[in-house]
Amino acid sequence: MVDNSEHAEAVTKSKRGVVTALLMLLLVVAGFAFAYAFLGGDDLVADLLGGDTAEPVVTVMPPKPKPNSTDTSTGAGSETPGTSIGTTGTTTPSTTTPGTTGSGGATTPAAKPPTGDQAARMYWEQVASQEQILKLVNGEVSSVAIGTVVKSGSTATVPLTVSYKAGGSLSGTMVLRNYSNVWYFSSIARSGNSLAVRTSKPGDAGIVSTIVARQAANQYVPLGIINGGYKTITIKSASMGSGTATIGITLSGGTSATSAGTITCVSKTINGEKTWFISSFAKK
């Protein structure tokens with residue numbers, strides 16, 4: 001016969017074991033919950049599973065424009081040629097028109113340079129024009145009167161009457177030549193003086209480059225002479241350095257308003273003699 005007291009004690013122990021197991025399970029679940037909440041639940045699970053959590057997608061809304069404001073920007077790279085950014089943030093017209101210098105002299109930034117033969121002719125014609133260029137550089141000329149210009153193809157022949165500070169005058173001719181729509185000074189000589197021009201030998205590359213760059217950037221005066229805008233060039237000053245001479249001039253007498261300007265010359269020693277080249281006529 002079974003002892004009832006022993007049976008009751010066994011049942012009680014069994015119940016206690018179940019309760020203890022349930023409590024242990026609850027503690028384990030609570031521990032996982034704590035770890036999930038405070039140790040980065042998604043990342044912890046992803047690490048345990050060997051994967052990554054997906055990045056959240058964030059949408060950024062552009063700021064709304066302020067009332068009564070206007071966006072004057074046109075985007076990067078859309079600045080209009082010939083305009084500059086002013087201090088107010090809006091675009092203001094530039095005083096320099098594309099294709100002209102700030103002083104009003106037309107330029108040809110994309111102009112095709114003279115060919116080798118053309119450059120050599122321009123160089124050696126200036127070498128042959130030393131008689132009058134030297135008088136100009138030395139400050140001996142007081143004024144130059146311009147006659148009626150004759151254009152023939154790419155050549156403009158300009159009759160001149162040159163007056164000197166020491167007294168007297170003589171007639172002569174200035175020649176301008178057009179290469180790729182740019183007018184260049186080529187020669188000046190008194191009447192009856194035949195220019196001995198050498199074109200078989202190239203000119204000095206540095207001198208030619210200077211002449212082409214400066215004269216292409218200062219077309220206002222040559223065009224003014226050719227088109228009758230100026231009839232008199234008055235020499236106001238002449239200063240000479242070791243390799244550069246600057247002649248201050250006043251342009252007047254034609255259809256254009258009287259203007260101040262400069263004639264700039266550069267030099268090169270050829271066969272032991274300093275030779276001067278007119279590198280530009282420019283309006284101030």
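The values are calculated or read from the model by the stated rules, or taken from the named source; none is laboratory data. The model shown is predicted, which means the values in this text are computed figures rather than measured ones. Because the Cβ atoms are built from the backbone with ideal geometry, glycine has one as well, and the counts that use them run over all protein chains shown. SASA here: full protein model, heavy atoms, side chains in, ligands and nucleic acids out. Shrake-Rupley method; radii C 1.70, N 1.55, O 1.52, S 1.80 Å.
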Exercise. For the range 138-146, does any single residue satisfy the condition of being of a type in the set (Gly, Ala, Ser), in contact (Cβ under 8 Å) with a residue 12 or more places away in the chain, part of a loop (DSSP other than H, G, I, E, B) and touching a Pro at 6+ places or on another chain (Cβ under 9 Å)?
Worked result: no
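Table: residues versus (1) of a type in the set (A, V, I, L, M, F, W, C); (2) more than 29 Å from the chain's Cα centre (by Cα); (3) closer than 14 Å to Lys135 by Cα.
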| residue | (1), (2), (3) |
| --- | --- |
| Thr246 | no, no, yes |
| Gly253 | no, yes, no |
| Thr258 | no, yes, no |
| Val266 | yes, no, no |
Exercise. Restricted to the range 183-201, and to residues that are out of contact with any Asp or Glu (no Cβ under 9 Å at 6 or more places or on another chain) and open to solvent by 80 Å² or more (accessible area, probe 1.4 Å), which residue is nearest to Pro159 (Cα to Cα)?
Worked result: Gly192
Seminar exercise, completed: By residue number, the members of the range 109-150 that are farther than 14 Å from Ile188 by Cβ, open to solvent by 40 Å² or more (accessible area, probe 1.4 Å) and either among the aliphatic types (A, V, I, L, M) or modelled with pLDDT of 95 or more (or both) are Ala110, Asn138, Thr148, Val150
Exercise. What number goes with the only condition from (1) open to solvent by 60 Å² or more (accessible area, probe 1.4 Å); (2) in contact (Cβ under 8 Å) with a residue 60 or more places away in the chain; (3) over 23 Å from Ser237 (Cα atoms) that Gly153 does not pass?
Worked result: (2)
For this session: Would you please name the residue that is surrounded by the fewest Cβ atoms within 10 Å (Cβ to Cβ), looking only at residues in the range 228-261 that are in contact with a helix residue (DSSP H, G or I) (Cβ under 9 Å, 6 or more places away or on another chain) and of a type in the set (S, T, N, Q)?
Result: Thr255
Exercise. For Arg198, which of the numbered conditions (1) under 19 Å from Arg121 (Cβ atoms); (2) of a type outside the set (Asp, Glu); (3) modelled with pLDDT of 95 or more; (4) touching a Phe, Trp or Tyr at 6+ places or on another chain (Cβ under 6 Å) fails to hold?
Worked result: (3)
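Checking the conditions here, which among Leu170, Leu160, Leu195 is within 20 Å of Gly261 (Cα to Cα) and of a type in the set (A, V, I, L, M, F, W, C)?
Among Leu170, Leu160, Leu195, only Leu160 is within 20 Å of Gly261 (Cα to Cα) and of a type in the set (A, V, I, L, M, F, W, C).
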Exercise. Across the range 238-252, what is the number of residues that are touching a residue at least 24 places away in the same chain (Cβ under 8 Å) and more than 26 Å from Ser209 (Cα to Cα)?
Worked result: 1
Seminar exercise, completed: Note on Ala166: of the conditions (1) at pLDDT 95 or above; (2) not in a loop (DSSP other than H, G, I, E, B), unmet is (2)
